[in-house]
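Below: one structure, written as structure tokens.
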Amino acid sequence: MINDITNRSSTLWSASKPNGTNVLKLPGPPPMGGIYTALTPGCTCIDASSGGVSGNPVSVGVVPVPAPGQTPEPIVCPVCPTIAPTATSTPRGGAAVEAEVQQTQSDTARINGVLQWTFQGVSPIVSRLAPSSDGNLYFLTADGDLHALDAKGRERWSRRAAGKSIAVSPEGTVYALGTDGTLRAQSAIGKPLWSMSAASGFGPIAASSSAVYFQEDRQLFAVSSPGVVRWRATVPDDISSAAIADDGTVVAAANGASVVAIASDGLRKWSFTPHGGFAGEIAIRGNLVYLGSGSGRLYALDASSGVPQWTYDTAAAVGAGPVINAAGPIFFGSDAIYALTPDGALAWSKALAKAASSPLASDGEGGVLAPLDDDISAMVNSDGSVKWATRSFGPVERAIVSPSGVLYVATQGTIYAVR
């Protein structure tokens, strides 16, 4: 037991390793530090966090202060047990959200959600976060730079760039617009591979192993290395979301408009107009295409024909998702966060105080990062229970989970990497 004489709400402690043993150093004096006194030597388990994102409980030992010139006598403490998440009731916004977060914090159910690093940029992030299979992360900032971070959050390189979109192929080729109006392909180490003239002011919207896709006016272009146009097809104005199916079909849509599917040879397969126009994102799993609408309806379409297989209606426009896992629920947000079974039945929902607008991110294991309130983000399990929650992110602007299972969250120019 220790007693905080200054009664501070939080104090930063540092550590040293005399003789190989981790020892916490007492903080400095107020106002930055505090004054502590030991009451009872022994061991305890505490909740530890970094940047407000909490991890497993940590074992801490308290020992008497040694005589001057001597080091503290080592104390061996047992490893703290890891407590499995506890299912909680479905919140309905406001006080219910707060109650669920407090319950999650009190039972130390935060077995994941450990902050790995943060990257503080000098300019807002304007593109999607694009992780690659080799652990790198790419994004554009408003000051006109394309950034490449490694798996530890260190900037590997940056290049001048334009537009508001980038794309990364499964092999790690990075595509972005140059400041001279060209579409540029770069390797993972920033080496130029090829470039071609492109009148697109937005940037590449998607990339596969064989092609990169971008839009000029009402034309979708498929370009392969080294800058050869494979085909072009008519699509809606200002594509806001696109996804690539396993057979190379590109499904694309513009907000408030129709959805089109273009085959790998550039021929249109089908077109579909959702009730109220397209809204949200496009997701593909197997032979189904999932998308939302301005009327609050979620659709599951046959990927070959565009024929609806099932729909699910909500009370507000789809503003987040859908996002999917390899298996498990289909997640999306409108007036609530919804999880649907593969056949379109409701698995669970969590009502929101206002319509969803923050992005969702699937964790690849049946869970999803979702906003539970204006300043609370939570990783929610496939059964609707909360794995961990935090206020540290603030309003989430972009979120994605990498192929290696790292959650990246962007807000106000800062990127958080969370395991």
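The values are calculated or read from the model by the stated rules, or taken from the named source; none is laboratory data. Not measured: the values here are computed from a predicted model. With ideal geometry, Cβ positions are generated from the backbone for all residues, glycine too; neighbour counts draw on all protein chains shown.
General observations
- Taken over segment 299-330, the residue count meeting the criterion of being in contact with a Ser or Thr (Cβ under 6 Å, 6 or more places away or on another chain) and loosely packed, with under 15 Cβ neighbours inside 10 Å is 0.
One line per residue, one yes/no per condition, for (1) touching a Gly at 6+ places or on another chain (Cβ under 8 Å); (2) of a type in the set (S, T, Y); (3) outside any loop (DSSP other than H, G, I, E, B); (4) not assigned by TED's automatic domain parsing to the domain that holds V174:
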site: S195; (1), (2), (3), (4): yes, yes, yes, no
site: S200; (1), (2), (3), (4): yes, yes, no, no
site: P226; (1), (2), (3), (4): no, no, no, no
site: V229; (1), (2), (3), (4): no, no, yes, no
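- Sole residue being out of contact with any helix residue (DSSP H, G or I) (no Cβ under 6 Å at 6 or more places or on another chain), assigned to a strand (DSSP E or B), of a type in the set (G, A, S) and under 20 Å from L115 (Cα atoms), chosen from S392, S349, S377, S404: S377
- Test for S165: is it closer than 19 Å to Y138 by Cβ, more than 28 Å from the chain's Cα centre (by Cα) and surrounded by 14 or more Cβ atoms within 10 Å (Cβ to Cβ): no
- Of all residues in segment 354-365, exactly one satisfies the criterion of being surrounded by fewer than 17 Cβ atoms within 10 Å (Cβ to Cβ) and either at pLDDT 90 or above or under 16 Å from S385 (Cβ atoms) (or both), namely E365.
- The listed residue being within 22 Å of G306 (Cβ to Cβ) and part of a loop (DSSP other than H, G, I, E, B), out of A243, A261, A257, A252: A257
- Counting the residues of segment 173-182 that are surrounded by fewer than 23 Cβ atoms within 10 Å (Cβ to Cβ) and not in a loop (DSSP other than H, G, I, E, B) gives 1.
Here is a yes/no grid of residues against (1) in contact (Cβ under 8 Å) with a residue 24 or more places away in the chain; (2) surrounded by fewer than 19 Cβ atoms within 10 Å (Cβ to Cβ):
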| position | (1), (2) |
| --- | --- |
| V250 | yes, no |
| V259 | yes, no |
| I262 | yes, no |
| R268 | yes, yes |
| G276 | yes, yes |
| A283 | yes, no |
| G286 | no, yes |
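- When each of A410, A351 is tested for being at pLDDT below 90 and not assigned by TED's automatic domain parsing to the domain that holds L140, the lone residue that passes is A351.
- Matching residues in segment 285-300 - criterion: being under 21 Å from the mean Cα position of the chain (by Cα) and at pLDDT below 95: R285
- Apart from one condition, S209 fits all of (1) crowded, with 21+ Cβ neighbours inside 10 Å; (2) outside any strand (DSSP E or B); the exception is (1).
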